[in-house]
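S.K.: Below is the structure I would like to discuss, written out as structure tokens.
The values are calculated or read from the model by the stated rules, or taken from the named source; none is laboratory data. Computed from a prediction, not measured in an experiment: that's the story for all the values here. Don't worry about glycine lacking a Cβ; one is built from the backbone with ideal geometry, like all the others, and counts go over all protein chains shown.
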Amino acid sequence: MSQKTIIHVPRRFVAHEWGGTETVILEISKQQLAAGFHPKIITSMALAKESHNEMTGIPVQRHSHVYPFFGLNAADRAAMDKKGGNLLSLPLLAALLREPDVRLFHAHALKRLGGMVRTAARIRKKPYVVSLHGGIFDVPTAELDDLTKPIQGKFEWGKPFGALLGARRVLDDADHVICVGESESVKARQELDHDRVSYLPNGVDCQRFSQGNPTAFRERFSIPRDAFLIINMGRIDSQKNQLGLLEGFAKFHAQTPNARLLLIGPVTQPAYEAKLQAYIAANDLSSAVQIIPGLGNDSNSLVDAYHAADAFVLASRHEPFGIVVLEAWCAARPVIASRVGGLQSLIREGETGLFFDPDATDAANQLAAALVLLHKDSALRQRLGEAGKEEAFAHYDWSRITDRLEKIYQLAESHANSRKEAQWKKRVTPSMAQTRSNSWSAIHAERSAAKCRASFPPVSSKLSPLLVATDVAKVVSWKPRAAMRLTMI
């Protein structure tokens, strides 16, 4: 049976807490299924209620997990389930070890979970690749501090497991490392001791996001038809910098009273959402700003939101790629984005979008000025939107991205095979190698001797072995003694 099962291993995978990583894994899996492979998602029970289900025909298998730290409370565990928790799941590792007909493992996380993928791949002698969705070499210090808040001051009893699983060697030992951001890929090549690194951007379902119903969306969320609507799509999270967006919008709203802002996405930091709500109330923006805590990935309203918008803003402080930019482009909507991370290579200033610096002292003024520019110039809005749509269709449809991923898988398989061969050569001692060489030589000598016997005229039985052996020695390069021994047997 051909080995066609591709195992995707993310940290979590649930429909009600959807993000860019989940979109990537599901869309890639759909393309792989259509190509005749058997993609499967094996993950933890983080934020989930069901241990098994299917999403658009892709099986999802979940396993119990723990966060190996003393002193965690329920709030700490919930926070780590939502974002960045360094979990441990021996049942998940067992599932990876027993899954049949595996072609390749694809890890979508590092730390102990990545170590489990590494361990399963090494034991089963299968290739594995790692995708860096959230970045590792290009992450601001402030964001790392946010991720580690729940475990600060806690004793970590899971370190021995990390050591056994080789958690710190996941990237070094990977058969290929995939970076969704170009800046991340540059830094990965500088930091890693190998060159098995590829830049593979995220993709988008161009056809789906190119068709929407703006009127239905505005009616559903009570947005006036004449309102200048700005949307932001992403997790309610300090990384996404919705607070900075609110500060810029407040300045713009002072000049444009009919402006409206929607912040759409699941809440991964409740304390940050509370901060946003406080700012909205303090600046009298309650009638102009709505927070919508997530629209289902398969919801028509998700697509309609882009088509209802007059402009899309992504104000992140750190963004390896920005898949929502592609979705806005497919809807032909103009984009304003932070000049950070992968966004800098994704967007061309003045051609497919506008930039502002989220860390500048005048960041709010920069963002407000960009919004004013788009509000006043409908031709600019149309030009930027159409250019973005053309870019998305030309380079970022999921079919194109998955074709490139398949080539990376093949590179990973080639490297894994080379590694197996090198390991075999190390295990073979010189004496073993000589024994193999002698055996092979003996086989060739026997075959040559048989050919010679068939071609020589009959001679006396006593002289035959000697004559045949002598002539074999002339025909082949092996020693006469070896040829003689074989002939006389």
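S.K.: In this structure, does residue 94 turn out to be under 24 Å from residue 23 (Cβ atoms) and surrounded by fewer than 19 Cβ atoms within 10 Å (Cβ to Cβ)?
M.R.: No, not satisfied.
Quick grid of which residues meet (1) more than 35 Å from the chain's Cα centre (by Cα); (2) in a helix (DSSP H, G or I); (3) surrounded by fewer than 21 Cβ atoms within 10 Å (Cβ to Cβ):
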| site | (1), (2), (3) |
| --- | --- |
| 243 | no, yes, yes |
| 246 | no, yes, no |
| 249 | no, yes, no |
| 253 | yes, yes, no |
| 260 | no, no, no |
| 263 | no, no, no |
| 271 | no, yes, yes |
| 275 | no, yes, yes |
| 281 | yes, yes, yes |
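S.K.: Moving on. From the list 332, 311, 328, exactly one residue is out of contact with any His (no Cβ under 7 Å at 6 or more places or on another chain), farther than 19 Å from residue 397 by Cβ and either in the same structural domain as residue 136 (by TED's automatic domain parsing) or small (Gly, Ala, Ser) (or both). Which is it?
M.R.: 311
S.K.: Applying the selection to segment 38-60, what residues are in a loop (DSSP other than H, G, I, E, B) and more than 14 Å from residue 28 (Cβ to Cβ)?
M.R.: The initial filter retains those residues of segment 38-60 that are in a loop (DSSP other than H, G, I, E, B), namely 45-51, 56-57.
Those that are in a loop (DSSP other than H, G, I, E, B) and more than 14 Å from residue 28 (Cβ to Cβ): 45, 46, 47, 48, 49, 50, 51.
S.K.: Is it fair to say residue 142 is at pLDDT below 95 and surrounded by fewer than 15 Cβ atoms within 10 Å (Cβ to Cβ)? Please lay out each step first, then the result.
M.R.: On the way: at pLDDT below 95: yes; surrounded by fewer than 15 Cβ atoms within 10 Å (Cβ to Cβ): yes.
So residue 142 passes the test.
S.K.: Another one. With the requirement that a residue be surrounded by fewer than 23 Cβ atoms within 10 Å (Cβ to Cβ) and not in a loop (DSSP other than H, G, I, E, B), what does segment 7-23 give you?
M.R.: 15, 16, 17, 20, 21, 22, 23
S.K.: Which condition breaks for residue 317 when tested against (1) surrounded by 17 or more Cβ atoms within 10 Å (Cβ to Cβ); (2) under 26 Å from residue 224 (Cβ atoms); (3) basic (Lys, Arg)?
M.R.: So the condition that residue 317 fails would be (2).
S.K.: Let me ask something else. Which is touching a residue at least 60 places away in the same chain (Cβ under 8 Å), part of a strand (DSSP E or B) and either outside the structural domain of residue 319 (by TED's automatic domain parsing) or closer than 30 Å to residue 152 by Cβ (or both), of 72, 96, 104?
M.R.: Residue meeting the stated conditions: 104.
S.K.: Still on this structure: Looking only at residues in segment 27-37 that are part of a loop (DSSP other than H, G, I, E, B) and touching a residue at least 60 places away in the same chain (Cβ under 8 Å), which one is nearest to residue 4 (Cα to Cα)?
M.R.: Here the answer is 37.
S.K.: Starting from residues that are part of a loop (DSSP other than H, G, I, E, B) and among the small types (Gly, Ala, Ser), keep the ones in segment 205-234 and report whichever is nearest to residue 24 (Cα to Cα).
M.R.: The selected residue is 234.
S.K.: What is the one condition in (1) closer than 21 Å to residue 24 by Cα; (2) at pLDDT 95 or above; (3) touching a Leu at 6+ places or on another chain (Cβ under 7 Å) that residue 180 does not satisfy?
M.R.: (2)
S.K.: Under 26 Å from residue 342 (Cα atoms), under 30 Å from the mean Cα position of the chain (by Cα) and not assigned by TED's automatic domain parsing to the domain that holds residue 315: does that describe residue 180? Step through it out loud before you land on a result.
M.R.: Numbers: under 26 Å from residue 342 (Cα atoms): yes; under 30 Å from the mean Cα position of the chain (by Cα): yes; not assigned by TED's automatic domain parsing to the domain that holds residue 315: yes.
Yes, satisfied.
S.K.: Can you tell me which residue among 90, 47 is modelled with pLDDT under 95, under 30 Å from residue 148 (Cα atoms) and of a type outside the set (S, T, N, Q)?
M.R.: Of 90, 47, the one residue that is modelled with pLDDT under 95, under 30 Å from residue 148 (Cα atoms) and of a type outside the set (S, T, N, Q) is 47.
S.K.: Residues in segment 274-292 that are in contact with a Leu (Cβ under 9 Å, 6 or more places away or on another chain) and either in contact (Cβ under 8 Å) with a residue 40 or more places away in the chain or acidic (Asp, Glu) (or both): how many? I'd like the intermediate steps shown before the answer.
M.R.: The first filter runs over segment 274-292 and keeps only residues in contact with a Leu (Cβ under 9 Å, 6 or more places away or on another chain), leaving 275-276, 279-280, 283, 285, 288-292.
Now drop any that are not either in contact (Cβ under 8 Å) with a residue 40 or more places away in the chain or acidic (Asp, Glu) (or both), which leaves 276, 289-292.
So the count comes out to 5.
S.K.: Name, by its number, the condition in (1) aliphatic (A, V, I, L, M); (2) closer than 16 Å to residue 18 by Cα; (3) free of Cβ contacts under 8 Å to residues at least 12 places away in the same chain that does not hold for residue 60.
M.R.: All conditions pass for residue 60, except number (3).
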